[in-house]
Structure formats: structure tokens, C-alpha cells
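Report on the following structure.
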Amino acid sequence: MPYTVQGVIARGKGEPVSLETIHVPDPGPGEAVVNVQACGVCHTDLHYREGGINDDFPFLLGHEAAGVVEAVGEGVTEVAPGDYVILNWRAVCGDCRACRRGRPWYCFNTHNATQKMTLEDGTPLSPALGIGAFAEKTLVAAGQCTKVNPAAPATVAGLLGCGVMAGIGAAINTGGVTRGDSVAVIGCGGVGDAAIHGSWLAGASKIIAVDVDDRKLAWAKEFGATHTINSRTSDAVEAIKELTGGNGADVVIEAVGRPETYRQAFYARDLAGTVVLVGVPTPEMTLELPLLDVFGRGGSLKSSWYGDCLPSRDFPMLIDLYLQGRLDLDRFVSETIGLGDIEEAFTKMHAGEVLRSVVVL
């Protein structure tokens, strides 16, 4: 029988979210219903509410989640009822040109559940990033479920479903940070701090955190930053060069998504160094750089989608590191809240007062 549960809905652009009754269908072929145990409040959810992603209202918000599989549909073999899983928003197809070339993290045909969850009156919902996890239960494609060790609490495991994975992956997967590297991270919110922590895990010798907020810079040091720069009072490019022998950093990770900070990243890297863009720009933003500088400096300019992760590979590995005490996921959780507290959590997030508010169900 279909499930009737409570979920957090964004009905219109800029409107406060509401807690409403929704209907979740039984899983069809290739689908799974998951009992959500915890879900992080991510900037992307706020972007959905503000109409910054698209205008397919009403949205069922939430996507950074972990929980237990309730039921699966026909043909599902990846997971079974009772499995503890982290939800991901890039279920790879296994058959596109990227997957066939052994690069499934670039999959060009990721997919979500076919059926729609609905409001009580039958209005179909658009789940955020194909997940919609600010709800007691949600319907996803079975490939969006990654089985992990249940010893890790859902409050931290779910963070790998988006922001923390994006940051760690930007450093390790996309940037290729390795032992002895110098790294600069511009923007020290949740994703930037995850990039700092990932660089620390990879053995970087110098990790430089850049932000305009001293409070965020203090947080960055807790995640492994060796140096901090307040770019409101200092020239970030010159300060990074001064800390790296006048050369610039081997890898510069831009976690803001703005043209001015990208230019800082471009000029703050060493010759033949790497720039990684993981901050998400808005559609109207443009970037202008002298083409001769692009040519003359060499190296790599990369963008990182979801940390170039492969959930089936990366989620279990990172959970193991957490359980070994080597990955400090607990430090990302600023507070735990209920489903009715999300509007307040958006306000705190927008003000930079929290790294992550996590909804516990």
C-alpha cells in the first residue's frame, strides 16, 4: 500500500516552506522506498525554494540523507529491505559512453525514480535532486541507495550524500591532492571545510583557508587548515603566494562560485598548478581572463561535480575512515533539528551561523 507521511514542501518562489502530508507510492521496477533517519540542510535546498534551480514547484526538499530501505521494486538487486544506506543524486546508468569507458563518475545518463510522490490532492511533487528527503519516507531509484556500515549514525553518514562528499572529492578526486602538496581553499563553508579536511587526509603539507569571515576561518583550522587569510583585509592572491615561496599553491579549490573568487584562484596557483571549481555559480555569471594568461600558466582548470565521486566506491570508504577516527564528520554538524525547524535553519545557514543543521526523523 502507498505510504502517507509528512514532508517539507516549497510551494512557490521565496515562500516559507510548509510541513504537509504527502503520498509515497509503492516502489516500482528499479525503485526503492527509504525510511529517512536524518537529512542535512544544504544550500541547494534553499536555492530550490528561491527558484534558483528551476520553477517546477511544488518541491519536496531535502537530499543529503541516510536511512533504512523499507521496500524495493521488481528487479532491484543492489539493496534489500533493512539495508542501511546513504542516498545519492547521481545513480549511474552503467551503459553511457562515460560508464563504458570506465569513468562512471562522469555518467551522462544518471536517473531517478520514475513514479511521482504527490500532495494529498494528487499534485505531483518535484523532489530536490531527485531525492526529496525532508520526509519520513521517500521514493528513489534503487541506484541512488548506497549500502554502508550501520555503525555510523545517520546524522553524519547523510552528509556524504552531498556537501561533504563534494568538498572531499574536489580535493582528492578532482584536484588530485597528494602528500606534500600546497593547497588553498577559497570559501570556508561546509564544502570548503570538507575540501580542507580532504586535503589534510591526503597528506597536504600546507593548507591555506581563505574567507571574509573570521569565524569561518577559525572553523577551517579545526578541519586541518595550517594558515588562514581574511580576504576582506588582505590581498588573497599575494598572501597565498607569500605563504608558498612566491609561487602559488599546487592546488587551489574555489568553493564560492563567483567570478571574482575564481580569478583569485586562477592567479593564486603555481605555474602548471590546478584550479578546481566546486562552488556553484548562477546562470548569469560570466568570467573574463586574458587568454595569454590561460595559455602561459599551463596546468589544469577543472570543475568538480559532486566531487567526481562514485558513491559505491567512495561512500563506504569514507564511512570506514570515520569509524576509524580518521575522518571527523561529527565536526560538520552544528545542530540537530526537527522537520518543522527548516525555515529557521535556512536563516541560520544564510547568515553563516552554522556549517550544517541536520534534521533528525
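Numerical summary
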item: Residues being open to solvent by 20 Å² or more (accessible area, probe 1.4 Å) and more than 20 Å from the chain's Cα centre (by Cα) - total across segment 213-238; result: 16
item: Residue check for G325: small (G, A, S) and either in contact (Cβ under 8 Å) with a residue 24 or more places away in the chain or in contact with a Leu (Cβ under 9 Å, 6 or more places away or on another chain) (or both); result: no
item: Segment 342-356 - residue that is surrounded by 13 or more Cβ atoms within 10 Å (Cβ to Cβ), over 16 Å from the mean Cα position of the chain (by Cα) and in a loop (DSSP other than H, G, I, E, B) and, of those, modelled with the lowest pLDDT; result: G352
item: Test: residue in segment 88-103 that is touching a Pro at 6+ places or on another chain (Cβ under 6 Å) and at pLDDT below 95; result: yes
item: Scope segment 262-274; condition surrounded by fewer than 24 Cβ atoms within 10 Å (Cβ to Cβ) and closer than 15 Å to A209 by Cα; matching residues; result: Y262, Q264
item: Output for segment 328-361, where each listed residue is in contact (Cβ under 8 Å) with a residue 60 or more places away in the chain, on the phi < 0 side of the Ramachandran plot and not aliphatic (A, V, I, L, M); result: D328, D330, R331, F332, T336, G340, E343, F346, H350, R356, S357
item: Exclusive hit being closer than 21 Å to C188 by Cβ and open to solvent by less than 30 Å² (accessible area, probe 1.4 Å), set L277, L327, L321; result: L327
item: Residue in segment 287-297 that is over 19 Å from W200 (Cβ atoms), among the acidic types (D, E), surrounded by 13 or more Cβ atoms within 10 Å (Cβ to Cβ) and free of Cβ contacts under 8 Å to residues at least 60 places away in the same chain present; result: no
item: Segment 73-102 - residue that is basic (K, R) and over 24 Å from T44 (Cβ atoms) and, of those, least open to solvent (accessible area, probe 1.4 Å); result: R97
item: Matching residues, segment 186-212, being open to solvent by less than 40 Å² (accessible area, probe 1.4 Å) and farther than 21 Å from L318 by Cα; result: I186, G187, I208, A209, V210, D211
item: T178, sole failed condition from (1) open to solvent by less than 10 Å² (accessible area, probe 1.4 Å); (2) touching a helix residue (DSSP H, G or I) at 6+ places or on another chain (Cβ under 7 Å); (3) not in a strand (DSSP E or B); result: (1)
item: Residue within segment 21-30 that is buried (at least 20 other Cβ atoms within 10 Å of the Cβ) and assigned to a strand (DSSP E or B) present; result: yes
item: Answer residue from segment 137-156, given it is touching a helix residue (DSSP H, G or I) at 6+ places or on another chain (Cβ under 6 Å) and of a type in the set (S, T, N, Q) and is most open to solvent (accessible area, probe 1.4 Å) among those; result: N149
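The values are calculated or read from the model by the stated rules, or taken from the named source; none is laboratory data. As the structure is a prediction and not an experimental result, all values here were calculated from the model. FYI the Cβ positions are ideal-geometry reconstructions off the backbone, even for glycines, and counts take in every protein chain you see. Calculation scope for accessible area: heavy atoms of the full protein, side chains included, ligands and nucleic acids excluded. Shrake-Rupley method; radii C 1.70, N 1.55, O 1.52, S 1.80 Å.
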